[in-house]
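K.L.:
Pasting a structure below so you can have a look.
Read-outs: derived from the displayed coordinates by stated rules, not from any lab. Since this is a predicted model, take the numbers as computed values, not measurements. Note that we place each Cβ from the backbone using ideal geometry, even for glycine, and neighbour counts take in every protein chain shown.
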Ligand code: BTN
């Protein structure tokens, strides 16, 4: 049963809480198809079919944050992928708000790490003129068997109410999205780069077709693609997984 609780988040956000869903992204997509407005937020305590990037599963026991936010991108569809960077820097700011003592770093395209281990994941999907921004934050627990090392806020000694983090995140997201609409991608790119991990260092990128490309993390292009300095010159990577030398 859906319950709407307008006290949970400040306007214009509209929060729908659930105990357990298959995937908050799936419900957000359905609502977007039925005309849900921008800033509709679906939050579940747990998920049975949580999904990650590139068709992976996202382990979703109780205790962590699982939410999906509908964002109307009519007229901005060609730049909509940049919202994943907006989400990453908003999560970064929200986490620094609640845990200023912890070091966090951003990893291309949209992971958030602490001490080299993944703490948050972002999954962006499209439904008509809306984007569905799915966010998972390991608060109480982290999965043991992942492609990357994973960690949780609890592992870092941080205990925060899930709703508190969600509120901070939505507030930051709203602010950064406005900056993006008014000033374009440049301030987002700058902020992302200022907290990015491994710039100028050696990396391997695994492309969606499985090919592994070694190189140096040269930076981000003006649209957010990863620039990889390889033996054959600079390559622009639009999708893939980045591995640092210690992974
Ligand atoms: C990743 O692979 O890093 C992205 C993980 C995204 C997980 C979140 S949890 C809330 C939302 N619902 C889902 O099914 N996935 C996203």
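K.L.:
How high is the relative contact order of the chain, given as a whole-number percent (alpha carbon pairs under 8 Å, six or more residues apart)? Present the calculation step by step, with values, prior to reporting the outcome.
P.N.:
Working: 503 pairs, mean separation 38.0, N = 247.
In percent, rounded to a whole number, it is 15.
K.L.:
Further question: Going by alpha carbons, how many degrees (0 to 90, nearest 10) lie between the helix axis of 162-183 and the longest principal axis of the chain?
P.N.:
With rounding to tens, the tilt is 60 degrees.
K.L.:
Can you give me the Kirkwood hydrodynamic radius for the range 182-247, using every pair of distinct Cα atoms, in Å to one decimal?
P.N.:
Numbers: mean 1/r = 0.0808 Å⁻¹.
Evaluated on the range 182-247, it is 12.4 Å.
K.L.:
For the chain, find the longest principal axis of its Cα atoms and tell me its angle to the long axis of helix 83-98, 0 to 90°, nearest 10.
P.N.:
On a 0 to 90 degree scale, this one is about 70.
K.L.:
Please find the FRET efficiency linking residue 37 to residue 161, where r is the Cβ-Cβ separation and R0 is fixed at 35 Å, and quote it to the nearest 0.05. Let's see the in-between values first.
P.N.:
Details: r = 26 Å, r/R0 = 0.74.
E between residue 37 and residue 161, to the nearest 0.05, is 0.85.
K.L.:
Mind checking the angle between helix 24-33 and the chain's longest principal axis? C-alpha axes, 0 to 90 degrees, to the nearest 10.
P.N.:
That helix lies at roughly 70 degrees to the long axis.
K.L.:
Please compute the Kirkwood hydrodynamic radius over the chain, one decimal place, Å, based on all pairs of different Cα atoms. The partial results should precede the final answer.
P.N.:
Numbers: mean 1/r = 0.0547 Å⁻¹.
Hydrodynamic radius (Kirkwood, Cα pairs) of the chain is 18.3 Å.
K.L.:
Rounded to the nearest 500, what is the chain's calculated 222 nm mean residue ellipticity when only DSSP H runs of at least 4 contribute -39500 (n - 2.57) each, over all residues? Let's see the in-between values first.
P.N.:
Working: 4 runs with 57 residues, N = 247.
Value at 222 nm, helices only: -7500 deg cm²/dmol.
K.L.:
Express in nm, to one decimal, how much length is gained between residue 182 and residue 238 on full extension, taking 0.36 nm for each residue of separation and deducting their alpha carbon distance.
P.N.:
Working: separation 56, 0.36 × 56 = 20.16 nm, distance 2.46 nm.
The residue 182-residue 238 span can extend by a further 17.7 nm.
K.L.:
Where is the GNM fluctuation largest for the chain (alpha-carbon springs, 10 angstrom cutoff): 205, 137, 102?
P.N.:
Looking only at 205, 137, 102, the largest GNM fluctuation is found for 102.
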